[in-house]
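Presented below is the structure to which this report refers.
The values are calculated or read from the model by the stated rules, or taken from the named source; none is laboratory data. The model shown is predicted, which means the values in this text are computed figures rather than measured ones. Ideal geometry is used to build each Cβ from the backbone, glycine not excepted, and the neighbour counts take in all protein chains shown.
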Amino acid sequence: MTVSDQLFARALQLIPGGVNSPVRAFRSVGGAPFFVKAARGATLTTADDRELIDFVCTWGPALHGHNHPKIRAAIAAALEHGTSFGTPNPYEVAMAERIVRFVPSIQKVRMCNSGTEATMSAIRLARGFTKRDKIIKFSGCYHGHSDSLLIKAGSGALTHGNPDSAGVPASFARETVVLPYNDRAALDAGFAANPGQIACVILEPYCGNVGFIMPDPGYLDYVREACTKAGALLIFDEVMTGFRLHKAGVQGLLNDGRAQNKAPAFTPDLTCLGKIIGGGLPVGAFGGRADVMDYLAPLGPVYQAGTLSGNPLAMAAGIAALDLIDELNPYPKLDQLGRQLRDAVLAACRTKGLPVQVPQSGSMFSIFFSDTPVRDYATALKGDAKIFSRFFHACLAGGVYLAPSAYEAGFISTAHDGPAIAKACDVLTAAVRQI
Ligand code: KE4
């Protein structure tokens, strides 16, 4: 038995499914998960001392690669003064100043400890502010595991065939209207069927939890206008895309384009963040319009709290990660690496005559073995999951770790530049030939 197998056998006795988050269990791709004991740059070192080129990047946070020296040094320096104070601390202010500077639509921000907390709190805030109960979300979008959002959810919920989780009362589910993504008529019908009742629309502006899906041109503007017209708040869940695709996330990409033709800025009412702003430590944040955010306790009637919110170590790590973005402006390089990987897979599949879709933007991508362009939950499900599983294992055998699910996005870091991306493209090409 390998060390990973021994660890997994022990974990299975103690932890449900042997994992602390379902998608890690390899259940949709088959086989047993490997255990990792170290990570650095683009590489994971398994408990059996195998080195793998990592395209999961701990599900997004490792924008600058694993264990970046500047992030490690920032954590070490903060650690000198303790781990948690339970009081306001200077790091929280420095983090809030950066988030507000990076993301112009965020006038005020509240830190929390996960993306789930961020989205759960944002919809509670939207409900409190609008005094309405219903929310609109989209099939396949995943916003963490709070009850109102585990309806037709993506990511691990979709991977394991329970997009509607057990344990969510029907009364809660009734308040969540689920619509198809990229479908303007469905959005109009959703609002028309619930006049004056929709507190908010929450969406991943680029979806990263049903594979990677980008919006049709103009779709996000359509959602924005529909929310404004209906008096509903628009919540951008940028937990994954924030600081990943642009220093201001997808709204930053939208506004780069609008600035050129002097159009007014695209402004969601609230934005949820996480992952990268923790530099690999537990973190979440939500922010936006000051008049909405001021509905939060202790100022307003919407309660939200957290023992470790604004934790000094997580803030120090996240501040270092954001300062590296300022220092490096990594996005052009990340997009070039993303295109390199996409083109390698497209070329290999073309040679083999294997239908494939490889949606990619910057350092996010996914691979659907399908001849149908993927633009929503239904078309994502047309991907051949069996071929994906064989491809996944062929890549792993070659030393490349892709997300262990056809319904996740892949992530690239600045550490993948050079030999890592070249080796990975060779492995992906060989894997296509093998399957
Ligand atoms: P966390 O609670 O896992 O920090 O964040 C939830 C969340 C919210 N919104 C979006 C857009 C997200 O992608 C996530 C979490 N992403 C998954 C990856 N698909 C986390 C991995 C996991 O569940 O193990």
- Please indicate, with yes or no, whether at least one residue in region 396-408 is over 20 Å from Gly161 (Cα atoms), out of contact with any helix residue (DSSP H, G or I) (no Cβ under 8 Å at 6 or more places or on another chain), buried (at least 20 other Cβ atoms within 10 Å of the Cβ) and in the same structural domain as Val29 (by TED's automatic domain parsing). yes
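Looking at Ala263, Ala297, which is the one that is modelled with pLDDT under 95 and over 20 Å from Leu79 (Cα atoms)?
Just one listed residue meets the conditions, Ala263.
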- Only residues in region 8-26 that are touching a residue at least 24 places away in the same chain (Cβ under 8 Å) and over 18 Å from Ala403 (Cα atoms) count as the first member; pair them with residues that are more than 15 Å from the ligand (Cβ to nearest atom) and part of a loop (DSSP other than H, G, I, E, B), Cβ under 8 angstrom, at least 6 apart or cross-chain, and list the lot. Phe8/Ala32; Phe8/Phe35
- Test Ser146 against the criterion of being in contact with an Asp or Glu (Cβ under 7 Å, 6 or more places away or on another chain), in contact (Cβ under 8 Å) with a residue 24 or more places away in the chain and within 15 Å of the ligand (Cβ to nearest atom), and give yes or no. no
- Test Thr176 against the stated conditions and say whether it is in contact with a Ser or Thr (Cβ under 6 Å, 6 or more places away or on another chain), β-branched (Val, Ile, Thr) and modelled with pLDDT of 95 or more. yes
- Message: If I ask for residues that are surrounded by fewer than 19 Cβ atoms within 10 Å (Cβ to Cβ) and either touching a Lys or Arg at 6+ places or on another chain (Cβ under 8 Å) or outside any loop (DSSP other than H, G, I, E, B) (or both), which ones from region 349-378 would you list?
- Response: Arg350, Thr351, Lys352, Thr372, Ala378
- Task: Filter region 30-68 for residues that are surrounded by fewer than 16 Cβ atoms within 10 Å (Cβ to Cβ) and within 15 Å of Ala314 (Cα to Cα) and give the result.
- Result: Asn67
- Item | Checking Phe34 against (1) under 27 Å from Pro332 (Cβ atoms); (2) over 20 Å from the mean Cα position of the chain (by Cα); (3) not in a strand (DSSP E or B), the condition it does not meet | (1)
- Message: Just to be sure before I move on: is Pro215 touching a Cys at 6+ places or on another chain (Cβ under 9 Å), assigned to a loop (DSSP other than H, G, I, E, B), within 28 Å of Cys112 (Cβ to Cβ) and without any contact (Cβ under 8 Å) to a residue 40 or more places away in the chain in the structure I sent?
- Response: yes
- Message: Residues to consider are Pro404, Pro419; find the one that is of a type outside the set (A, V, I, L, M) and within 12 Å of Gly211 (Cα to Cα).
- Response: Pro404
- For Gly218, state whether it is among the small types (Gly, Ala, Ser) and more than 30 Å from Gly161 (Cβ to Cβ). yes
- Query: With Leu281, Leu245, Leu234 as the choices, which residue is more than 25 Å from Ala321 (Cβ to Cβ), within 16 Å of the ligand (Cβ to nearest atom) and either in the same structural domain as Pro104 (by TED's automatic domain parsing) or not hydrophobic (A, V, I, L, M, F, W, C) (or both)?
  - Reply: Leu234
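For every residue, the table says whether it meets (1) more than 16 Å from the ligand (Cβ to nearest atom); (2) aliphatic (A, V, I, L, M); (3) within 27 Å of Asn162 (Cα to Cα); (4) in contact with a Cys (Cβ under 7 Å, 6 or more places away or on another chain).
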site: Ser4; (1), (2), (3), (4): yes, no, no, no
site: Gly17; (1), (2), (3), (4): no, no, yes, no
site: Arg50; (1), (2), (3), (4): yes, no, no, no
site: Ile75; (1), (2), (3), (4): yes, yes, no, no
site: Thr83; (1), (2), (3), (4): yes, no, no, no
site: Gly86; (1), (2), (3), (4): yes, no, no, no
- Query: Taking region 1-31, which residues are hydroxyl-bearing (Ser, Thr, Tyr) and not in a helix (DSSP H, G or I)?
  - Reply: Thr2, Ser21, Ser28
